[in-house]
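Shown next, in structure tokens, is the structure this report addresses.
The values are calculated or read from the model by the stated rules, or taken from the named source; none is laboratory data. Keep in mind the model is a prediction, meaning the values are calculated, not measured. All Cβ positions, glycine included, derive from the backbone under ideal geometry; neighbour counts span all protein chains shown.
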Amino acid sequence: MKAAILTALNTPLEVRDDVSLGDLGPGDVHVKIISSGVCHSDVSAQNGTIPCGCPTVLGHEGAGIVQEVGPGVSDLASGDHVILSFVPACGQCTPCQRGQSYLCGRSMAIAISPHFMLDGNPVGGFTGLGTFAEELIISEDCLIKVDDDVPLDVVSLVGCGVTTGVGAAINTAQVSPGSSVVVFGCGGVGISAIQGARIAGAAEILAVDMVESKLDQAKHFGATHVCTPDALDQLKTEITAGEGFDYALECIGNPATIRATFDAARRGGTAVIVGVGRLEQQVTFNAFELFYTDKNLRGSMYGSANVRTFMPKLLRLWKAGKLDLESMISRRIQLEEINEAFSAMQEGKVIRSVIDFS
């Protein structure tokens, strides 16, 4: 079968047609991928921001159809339509038991379990998935069944970007009706955060990005105001009388924008860091301001979402016309176009490219 493989950091992906699957073990599920979004986290794996061994099959935002289930799998069957979650929800570990399944204790074990075969050797998939492949094997803990009538290209976006962004606004920040929100970064996650803030009832939503075309798109998804970074202070004054925003969300993963996000939140407000930065990068705060500003500074892992309940809620919002997923799909591509899709994303030309495997 075909798969797009990262063979070395900072190199283009190699599309091979001689990749196969390993054995289907207890608790495993064999899935045919129908659709996969191309997410910036895949670029972050390619450039080393997110640690990732090589070779590996990239892709972690996908949806497909169950082909076969391994021993012990009882909640899924051949023919079921599923979202793939890059964080498992085993329901048994301590984080799951305390209501934080997005920190599931099985995550690392699944992430490093190789299920692909290449040249006779086992090869892993990014975050344990590898949705840039026609088929894969993954633990049942990473699969959420969905209704058959929901298009799988729409479903695939929920696998990462939409859950991460909408969840950051609704679950992590807990945006309240009538509040003011600023979102830094208008890629797939940022657009989703904007939609989450709109759904939560924010009165003002400012979108900040360096690419003008992305700001125009942000208005479509619910931003009431948009600006490039140089105009942030002016808009902050206009919207909040200079006090700062109730909620500030960073969807880039850059130390400068993380610092700017903290600064943009009002005293007593909330700053949520959604973007993934590099391990060696640092963000500096002085000891006095953390006390004096009384701000809530939070990370957001996978939108602080219980995927088994939150992902179905997102699809119900889509069905109700309150969450626009179709407009987030800028291009539909074939797997062979994956490197061009990476370039388009980095240049700000797309919200999401979606690989069509059907």
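One table, with the values for the structure above:
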quantity	calculated
Residue within region 282-300 that is out of contact with any strand residue (DSSP E or B) (no Cβ under 6 Å at 6 or more places or on another chain), under 17 Å from I191 (Cα atoms) and surrounded by 15 or more Cβ atoms within 10 Å (Cβ to Cβ) present	no
Residue within region 151-166 that is more than 14 Å from the chain's Cα centre (by Cα), over 30 Å from T56 (Cβ atoms) and not in a strand (DSSP E or B) present	no
Hits in region 113-139 - residues which are outside any loop (DSSP other than H, G, I, E, B), on the phi < 0 side of the Ramachandran plot, polar (S, T, N, Q) and crowded, with 21+ Cβ neighbours inside 10 Å	S139
Single condition S358 does not satisfy, out of (1) over 18 Å from G185 (Cα atoms); (2) at pLDDT 95 or above	(2)
Hits in region 91-112 - residues which are in a loop (DSSP other than H, G, I, E, B), farther than 20 Å from T172 by Cα and in contact with a Pro (Cβ under 8 Å, 6 or more places away or on another chain)	R106
Output for region 211-245, where each listed residue is outside any helix (DSSP H, G or I), aliphatic (A, V, I, L, M) and surrounded by 14 or more Cβ atoms within 10 Å (Cβ to Cβ)	V211, A223, V226
Members of region 169-194 that are out of contact with any Leu (no Cβ under 6 Å at 6 or more places or on another chain) and part of a helix (DSSP H, G or I)	A169, I170, N171, T172, G188, V189, G190, I191, S192, I194
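To keep it simple, each residue is scored yes or no on (1) farther than 18 Å from S179 by Cα; (2) of a type in the set (S, T, Y).
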site: S213; (1), (2): yes, yes
site: K219; (1), (2): no, no
site: T224; (1), (2): no, yes
site: T228; (1), (2): yes, yes
site: A231; (1), (2): yes, no
site: K236; (1), (2): no, no
site: A241; (1), (2): no, no
site: F245; (1), (2): no, no
